[in-house]
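Note sheet for the following structure.
The values are calculated or read from the model by the stated rules, or taken from the named source; none is laboratory data. Please read all numbers here as calculations on a predicted model, not as lab measurements. Accessible surface is based on the protein model in full, side chains and every heavy atom, while ligands, DNA and RNA are left aside. Shrake-Rupley method; radii C 1.70, N 1.55, O 1.52, S 1.80 Å.
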Amino acid sequence: SLRPHRGDWRFAQAPLRAQEHLYPIRSRHIHPRAGADASPQRSFLAVTPETVAISAWFWNDAGYHVRLYESAGQPGQVEIRLPFVARVCQPVDLNGRPSDAPRIALRQDTARFDIRAWEIITLQFSAQ
């Protein structure tokens, strides 16, 4: 689709708007339990800045994984807020093998780290 905007594609957040249009968020209750619903004001998973996009969220025997990428060629500091308190956060490669970079600062449900322009990062989390 065509979306008129002022400024360049970065100012218009074109990659984010394209993803929102192509892949709208759909929610499902799979195993409803009394008291398990989160407040509608709270995000399940949140990431800042807006130039960083989440491309995958999945679980396997090693833990929860989030894959994200920087979409505007702007390095910066990323903050991810999780839906749980994490015990460990480990960067991994695309095959799930531990990686040394980036250095992660983890506190409760929030992880912070630096990202380079256009970088793709996969993180593995273990819940408390």
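Computed 3J(HN,Hα) for region 75-89, one whole-Hz value per residue from the Karplus formula 6.51 cos²θ - 1.76 cosθ + 1.60 where θ = phi - 60°, is x, x, 9, 9, 10, 10, 9, 8, x, 8, 7, 8, 8, 9, 9, glycine and proline marked x.
The HN-Hα couplings worked out from phi for region 118-128 by the Karplus form 6.51 cos²θ - 1.76 cosθ + 1.60 (θ = phi - 60°) are 6, 6, 10, 10, 10, 10, 10, 10, 10, 7, 5 Hz, whole numbers, x standing for Gly and Pro.
What is the extension gain from Asn95 to Arg17, computed as 0.36 nm multiplied by their sequence separation minus the C-alpha to C-alpha distance, in nm to one decimal? Mind showing how you got there, number by number?
Values: separation 78, 0.36 × 78 = 28.08 nm, distance 2.88 nm.
In short, 25.2 nm is gained.
Using the rule -39500 (n - 2.57) for each DSSP H run of four or more residues, divided by the residues of the chain, the 222 nm mean residue ellipticity is -2000 deg cm²/dmol. Given springs between every Cα pair under 10 Å in a Gaussian network model of the chain, which of Asp61, Asp114, Asp93 has the largest fluctuation? In the Gaussian network model the winner is Asp61. For Glu119, the residues whose modelled amide H falls within less than 5 Å of its own, excluding neighbours fewer than 5 places apart on the same chain, are Glu70. Counting only protein heavy atoms and a 1.4 Å probe, the chain has 74 square angstrom of accessible area per residue.
Using the Cα gyration tensor of the chain, with a ≥ b ≥ c the square roots of its eigenvalues, what is the shape: rounded (a/c below 1.5), prolate (a/b larger than b/c) or oblate (neither)? Don't skip to the end; give the middle numbers.
Values: a/c = 1.96, a/b = 1.21, b/c = 1.62.
Oblate, because a/c is 1.5 or more while a/b does not exceed b/c.
Amide H contacts for Glu79 (H built 1.01 Å from N in the peptide plane; partners 5 or more residues away or on another chain; cut-off under 5 Å): Thr48.
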